[in-house]
Structure formats: C-alpha cells, structure tokens
1. From the list A:Phe303, A:Phe319, which residue is in a loop (DSSP other than H, G, I, E, B) and either surrounded by fewer than 19 Cβ atoms within 10 Å (Cβ to Cβ) or more than 14 Å from chain C (Cβ to nearest Cβ) (or both)?
2. Go through the residues of the stretch B:62-78 one by one and say whether even a single one is farther than 20 Å from B:Tyr231 by Cβ, within 16 Å of ligand 1 (Cβ to nearest atom) and not in a helix (DSSP H, G or I).
3. Return the total of residues in the stretch B:154-194 being within 16 Å of ligand 1 (Cβ to nearest atom) and either of a type outside the set (Val, Ile, Thr) or within 14 Å of chain C (Cβ to nearest Cβ) (or both).
4. Among B:Thr47, B:Thr13, which is part of a strand (DSSP E or B) and within 13 Å of ligand 1 (Cβ to nearest atom)?
5. Have a look at C:Phe94, C:Phe107, C:Phe5, C:Phe63 and point out the one that is of a type outside the set (Lys, Arg), more than 18 Å from the chain's Cα centre (by Cα), modelled with pLDDT under 90 and closer than 30 Å to C:Gln302 by Cβ.
6. Of the residues A:Asn127, A:Asn91, only one is polar (S, T, N, Q) and either more than 28 Å from C:Ile273 (Cβ to Cβ) or without any contact (Cβ under 8 Å) to a residue 24 or more places away in the chain (or both); which?
7. Tell me the helices (runs of 4 or more DSSP H) entirely within the stretch C:98-191 that contain at least 2 residues that are of a type in the set (A, V, I, L, M, F, W, C) and more than 14 Å from chain A (Cβ to nearest Cβ).
8. I'd like the full set of residues that are of a type outside the set (A, V, I, L, M) and away from ligand 1 (no atom under 13 Å from the Cβ), limited to the stretch B:21-44.
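The values are calculated or read from the model by the stated rules, or taken from the named source; none is laboratory data. Quick caveat, the model's predicted, so the values are computed rather than measured. All Cβ positions, even for glycine, are placed from backbone atoms using ideal geometry, and neighbour counts span all protein chains on display.
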Amino acid sequence: MAQTRPISANAPARSANAQNVSFVASLRENWLYWLILIVLVLFPFIIGWLSGDSPFGTPRGDRMVMRGESVYAQSVLINIFALSVLVMSYNLMFGFTGVISFGHALFFGLGGYLMGIILEFGGMDPNIGLIVALVVVLVVTGILGFIVGIVSLRLRGIYFAIFTLAIAEMGWLFFRGLSITNGEDGLNVASLPEWLDPARNRIMVYYVGLALFVLTFVLIRRLVNSPVGSVFQAIRENEERAQVLGYNTLHYKLFSITVAGMLAGLAGMLLAIMNKEARPEILNVSVTVDALLMTIIGGVGTFTGPVIGASGLHLLDTFLREAVVTIGPITIDIGERWTLILGFIFVLVVLIFPYGMVGTWQRLRMRFKRSK
Amino acid sequence: MSDNILEVRDIHTFIGQFHILEGVSVSVPSGAITVLLGRNGAGKTTTLRSIMGLNQVTQGDISYMNGSLVGKNAHKIAQLGIGYVPEHRAIFKELSVRENLQIAARKKGDLENNLDFVFELFPDLKRLIELPGGNLSGGQQQMLAIARALVPDNGLLLIDEPSEGLAPIIIQQLIAAIRTLAANKTVLLVEQNFRVASLLADYFVIIDDGHSVASGSMADLHKEHELVQRYLGVA
Amino acid sequence: MGTNFFGGKRDAWLLVIGMFVAVLVFALFTSDFNLSSFAITLVSGLFQGMLLFLVASGLSLVFGLMDILNFAQGAYFMVGAYLAYDLQHATGVFNITEAVPDPNIRFIIGVLVALFVGAVLGWVLERWLLRPLYDRPLFQLVLTFGVSIIMLEGIRNIWNTTPYSWTDLFAIREAEFTLFGQAFSMYRLFVIGIGILLIIGIALLLRRTRLGIIVRAGVEDPEMVSALGINVRVVFTLVFTLGCAVAAFGGAIAAPFLGATISLGSTFLIQAIAVIVLGGLGSYEGTAVGSIIVGLALAAMQQFSIGVNIPVLATITPMLLLVIVLLVRPQGLFGEAR
Ligand SMILES: Nc1ncnc2c1ncn2[C@@H]1O[C@H](COP(=O)(O)OP(=O)(O)OP(=O)(O)O)[C@@H](O)[C@H]1O
Ligand SMILES: [Mg+2]
C-alpha cells in the first residue's frame, strides 16, 4: 500500500494500560455489537432450547440427519452471513470509495465455482482441497480485482460500471455453457470435508460463516476508520480534489476494489459450501443487483446498513415465500406474489427512506439530538 | 425604490449542506449597469443563480418588477424577461451558432426581430452561423452567450464574468457591445476585472464571504481606496 | 496512452468503418464465402440490429438527457411483445379474433395498442415515480429496478410463464423476397425498413425540430435550457414517454419472430446497454451505429459458433465488443472525451 498521510489523526494507544482503557471504552461504545455477537454465537443453542430440537440435528442410526428448527434456522443465518459479506464488500467499494461496479457477481460466483472445481476435480484430500481452494479463490479474485481496478484508471463512472457488467456477463455466459460444470444445471460439490459438510455438520458451517461475517465486519470498520479509509472517503466525495491533495487515488481504488473482490469471493465460497453446489445463477447480474439494492436500501456508506439490508430482505424472502395470509374471506398466497411484493418494497423504500434505512435513521437521530 | 427593476433583500442560499449566501442584498436600478464585485468564491455567481432560480433561496426575498421570484422555477423566471449569461461561456457546444440562438427564442418572431441587432453587435457571428458552438474561439463563444440572451425581449440581463480569460482587444469589443446593449436594457454584471467594471458600471455592490458589505455608485467607489483595498485587493 | 490517436469525431467514423469492414469480412469468412449464407447473416444481423435500436434509442436519449439508466426499458419491450401476441391470437387474455377476423388488421391493432400502453406506462413511471427522486440518481436506478420487477411479475400474473411462439400468419409474414439466391420472409425486410425509417426519423426530429434542438441542448446542459425559459421537465417526461413507447413498439414488431417469453426483456436490455455504452453515452449516432454493428456481429458469431459448436461465443459477442471498444476508446465510439 502506498504511503498515507492521515487526514484524521488516530494516535495508536501504545502502553498496556492505555490498551486496557481503550478496551473498556470500546466495550462501552460497542456494547450492542458485543451483545449481538454473543447472541449469534449462542443462537443454534437458543433456538434448540426454545424448540426442543437439537442444534446438531436429529440422530438417525449412527449419523445425524439435518432436521429440526435449530438446524433450519442455522441454514437461514448461514445464507444471511454469505449475503451480508457480499453486500458489505460491495459497500466498501461503492459506499465508502464511490466506485460503482455492476460486476460484483463475478467475484462471488468465482468463489463458488473455483472451490467446486478444485474439490471435485482436484483429486485431493478434501481438507487439503479446501485449503487449496481458499488460497486459489483469494489469489484469483485478488488478481482479478487488481486488473479490473487498473481499468478504473481509464474508465470512469458509468463507463466503468458497464465495463464490469460486461465482464461479469461474459463470466456468467461462460459458466452457463461450460460442460464440465454441467452448464445451466450447475456443479454439485460433494467432496467437502466431513467436518464442514452442511448435510452432516451444519453447526460447523454456521460457525465458519459467523467467523467470516464477524471478521469482514471488523475488517471493514477498521479499514474505513483508518487513514486509508479517510482517503477512500475523500475519493468518494471528490476524486480530483483527493488527487490535488497529493494522494495517488488509483492505488487506493485498486486496494478497495481488490479487497472487495476477495471478500465477495469468500462469500461465494461460503454459499457454495452451504448449498453444496455452484450454479450459474451465482454469476448472474441479479447477484450484483441484489448487492446494490441491499446496500442502498440498508444505507450506502454505513457499517450496519448492508447487514440490515441483506438480512432484512433475506428474512422477508424466506418467510414470505411460503406465507399464505388470510384476511376474512380473502386468502392471499404471498409466496406466489413474493417477487411482485419485493418490487413494491423497492419502490416504497426508495420513496420513503431517502438515505436508506440506516442513513435515514442516523439523520433523524441527529436532527432530534440537535433540536434537544 | 420603485425605479429599481430588481430588488434582492437579504437572501440566504444553501448549496447542499453548505450555507453559501448569508444575507445578500442587491438593488438594481432600471436602465443602468450594476456590477457585483468580490473575491473569488465570495458568492457572486451564487447570487446570480439564486435570482435565476437555479439555487434555492431559503430566506429573504427577490422582487422583480414588483413580483417575487423566490420559489419560482428557472424557466418561469426566464419567461418574465430575465436573460442569463453564465460564467465560463456555457453555450451549447454541439449545437450550431444558429441553433444556439434559435433555442433562446421564446415566441415566434423573437429571432427574426432581434437578429439584426445581434449581428450589429457581434458581426463575427454572422459568418460563423453554421459552425458548432464548440468550434468557436473563447471570445466568440462569449459573444454567442450574450447574443443568446438578446434573442428574446429581455428587460434584465445577468452577465457573469464576461471578460474572464479573454485577450484585451476582445475585452474592448465586449465592453463596447455591453455598453450598446445597455442602452435599452438593465444589466446586472459580475466582473473581477476592476478596470472593466469601472468602465461599464454605474453602480456597484460588494459581496464578501456570502454577505453584501457595501454598495453605491461606481463614481464614488474610486474615492474609497480603503474599501477597494480591503475587499477587492486592488489598489 | 494513445487516446489522442482516436480522439476526434472523424476518427470515430474511421473506427466505425473499420469495425463494419471487419464484421462483414468475418461474416463472409464464417459463411465460407458462400453468398447465400452470407445473405442470411446480413439479413439476420440487420434484423437484430434494428430490434436492438428500438430498445437502445430510448435508453440512450433518456440517459443523455436525464442521467437515468432505465432498467425497466426491457420490461417495456416485453409488454409490447405480449400485447401484440395476445391481440393477434385467440389464446391469451384478450380475444379479438372474432371481432377482427383479418389477421393483418389485428397485427396493426396489436402494434398500436403496444405503442399506446408503452407510452402510458412510461409516462406514469417518469411523472409519478422518477420525478420526486430528481436529485437522487442512485435511487432512480433502484426505482427502475423495482418497476421492472413489478412489470415482469405483472406479465407473469396476466399471461403465465409459458413461452408463446407466434403461429398466426399474416400477409407480410408469408410473403418472401430473395437475396443472393436465398429466400427470406418479407417480414424481416419490413422490420429492417421500419428500423431504418426510425433511425432517420429520430435523426430528423433531433436535427430539424425545435424539440430536437432542445433535447440536444438538454443532453449537454439541462440547467441552462431551463434558464432560457424552457420547461425542461416537460421535455424529460416527453422523451421518457417516447422512449418507452418505442421500446414497446419494438417488442410488438419483434413478437412475430421472437414470440413472447419472459426472458426477452432482460436479454434485450443488457444488449442495449452494451450498445449505448459502446456507441458513447448520450450520442444518438453512436446508438444507431452501435446497434447495427452489434446486430451484424451477433449474427456473424451465431453462424460461426454453430460451425465450431461453441454456442457461448454468440451470446457473449455484445459484451466482448463493448469491452474491446472501451479499452481502445474509454468514452465509447462517439462519446465526449473526458
Ligand atoms: N456545488 C457546491 N458545493 C459546495 N460549495 C460550493 C458549490 N458551488 C459553490 N460553492 C462555494 O460557494 C462559494 C461561492 O461560490 P460562487 O461561485 O458564487 O463564487 P464567485 O464569487 O462567483 O467566485 P468566482 O469569482 O471564483 O467565480 C464558494 O466558496 C464555493 O466554494
Ligand atoms: Mg463566479
């Protein structure tokens, strides 16, 4: 990374004592996050306890079958983790650095496909295969992000966005037509290591997903609050001015796009593990569109907005898909009309929350505080 | 009071979250040339844009021929007979000179009636008439921008820094042209070049950091060395 | 960086001619220099190019003028296709086969209804949904997404998801013409002709009428247009409405060949986006030329990919072309260098 001149000076705490104090301070400041973390760690057990179903599944013979409320709830959250990581990574690039890309699906999809291909065709021990896959996904998405980032030197704004769209569309069309991954049907990923097989050990996938989710959240917060992050935001506000201030904005954009790409790759890997397959849909524009919409609806350039956008929409999706509502004599099958409702939600949220949900909330709170 | 065609009273204007104008008042006597003076970034352009309805005025009042302009859309304000010549010669580069003039016509006959006058003022435009605006030189573009405001029957012209970046000889021509057109129009001018301003204007208003700080007749300003020194930095 | 080499507008035209020649040579090559199969490529390329133009022209004008990338444009195309299909055939929701037994008149009715419904829906979207979001372009983008979902689902609810293929015959579909010894349905010629007429018609509208001058000026600087006393919002609404109407019209005249399917809209939308960016955002001639180049390249690649049996090649062609053009010329063919 290039030399950075801090815009907001963050004097690092050096002595052990100071560190202790800052730990307590951060605990007080971030108590809500800690609370959520604890709930999430205990979540499989809480649901298990509430429903009476074991968080490890139902024993059948000498193995576990993935049945029961807790296991089901875990799978919902694993999806949310993967989606949140995707949306947070998108927000890093789009919300904090101001780079609009329509090609994020490529990184997400590659994460899933590369892992699937390595595990299925690598002929390695699944554990080694998984590690190799992890490294390959990080390296490939990193390099790809770097290359795409270099293009952003020449292409600005909407031109860059459409360029990435074209690249990602080609990736989608390529994998849809690729016969070794079964084209449109997608690749089944059967050779997962046993400890991380969602059909055997859902709870491990849950904790791996949780770890990825928490690490991504913390990483992005750290990054954005660091001097590098201030430059990101300076670029977002006005790239030319950031250049005039002496920053090589290309370096920072490259960094942001690369990190975002790698995180999206990891999210794609997680989803492929959970679904045990890699289908061309994970490369489709609609993945990017979802990431974009969830970012905007949650709150562009906020830390919690992407998570709220991702989990909110996914939860609605999960629960409304099967819901049938009866009001008096009228029965509405929401599941059938779910997509339609989703469309209306987009339209309404956009008209009601001018800065996304978190952004609007923050503004309202600020105004409230000021008027007090 | 009543012979002021335009009366800007203590206006406040925001751009996004920034409070740019914090109390600007300008009186523009009809039939004369009034100049807005002030340093770079003082808020002169924003004042013109606020009058034109291009920036939102949150407080204060702007009255033109006894009607208020605040809250009106730009096109409505223009239709009242106010012509705007923006800074940096914002002509339409892809449109030909003729089209640049055509688009400004508000009713039938505007172009036909005023074209002779325009060509009298700026004879160059006549031979450039089919050229795309973007191919014109800086001076010619400025002339086109002013000509465009002369096509409809405007009573008041807002002209923002016409001399910016032009050669002295072109500036001479512009001064002559503005003098001629001011014979039957009121002009509110923004001009950084103090010499040009002195040659043209009858009245002045000084704007500093979003406030109007002084005003009067241009003849008096020459005696106020201290004022000029403080706000304009010219001796 | 070599940007200057391709800088001016003359160079844009040189590049365009170069691309045309390259595509045509490639088409000749893929048809093994056999003129009658070259004719197939040519006719099918122009046909696809014109359909692309019908979606892309509205997209391009709206983007140039209002900075909105209307992601619902593909849905308008689809609405047009479904309406035309439905009115023509006895199946579907509206059955007018008894009231209007003549299939030719039914076709005309279908096209006109599509045009009208497209215009009304376009007007509603601009006037009542996009206008309040005027200062928030990102939200306009989200909104057009939302609207396209709603329209898609609306279609799904009204007409189900089964793909309809056009079965009804009418005069110009049955008639034939020959080119290089190859017979084609007259209908292709009809669509190509309509496309050319529209390209010229819109060009004349933009060059010769007051509305056209205002639109071109608005593409450069809408604020200045309003400072000249012109109500630019009305012009926005008008152009947006026209753009949607033309897209629906495109869907209607495409239906006799492509039928009415649920994926029609998104395919055309993505390809049309590729076209307008490749042509240079906000440039009308770029959109027109880009549509034809992409259409021809698509047809040539379809031919080629059948030969080598790699079907992906054809589908990625518009994207590939776009990526190449952007790398050579970052502002697209006729875009303003920034
Ligand atoms: N879009 C904007 N966002 C934030 N600040 C702005 C914006 N436009 C103008 N400003 C600020 O408003 C102030 C007044 O600008 P304005 O253009 O009116 O100045 P001016 O007096 O015309 O200066 P100049 O002589 O340089 O043209 C400046 O400090 C400028 O930085
Ligand atoms: Mg100014």
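1. Every option except A:Phe303 fails the conditions.
2. Looking for residues that are farther than 20 Å from B:Tyr231 by Cβ, within 16 Å of ligand 1 (Cβ to nearest atom) and not in a helix (DSSP H, G or I), one finds at least one in the stretch B:62-78, hence yes.
3. Result for the stretch B:154-194: 15.
4. B:Thr13
5. Result of the check over C:Phe94, C:Phe107, C:Phe5, C:Phe63: C:Phe107.
6. Working: A:Asn91 fails: either more than 28 Å from C:Ile273 (Cβ to Cβ) or without any contact (Cβ under 8 Å) to a residue 24 or more places away in the chain (or both).
That would be A:Asn127, the only listed residue that is polar (S, T, N, Q) and either more than 28 Å from C:Ile273 (Cβ to Cβ) or without any contact (Cβ under 8 Å) to a residue 24 or more places away in the chain (or both).
7. Values: elements: C:103-124, C:137-159, C:171-174.
In the stretch C:98-191, C:103-124, C:171-174 are the helices (runs of 4 or more DSSP H) which contain 2 or more residues that are of a type in the set (A, V, I, L, M, F, W, C) and more than 14 Å from chain A (Cβ to nearest Cβ).
8. Residues satisfying the conditions are B:Gly23, B:Ser25, B:Ser27, B:Pro29, B:Ser30, B:Gly31, B:Thr34.
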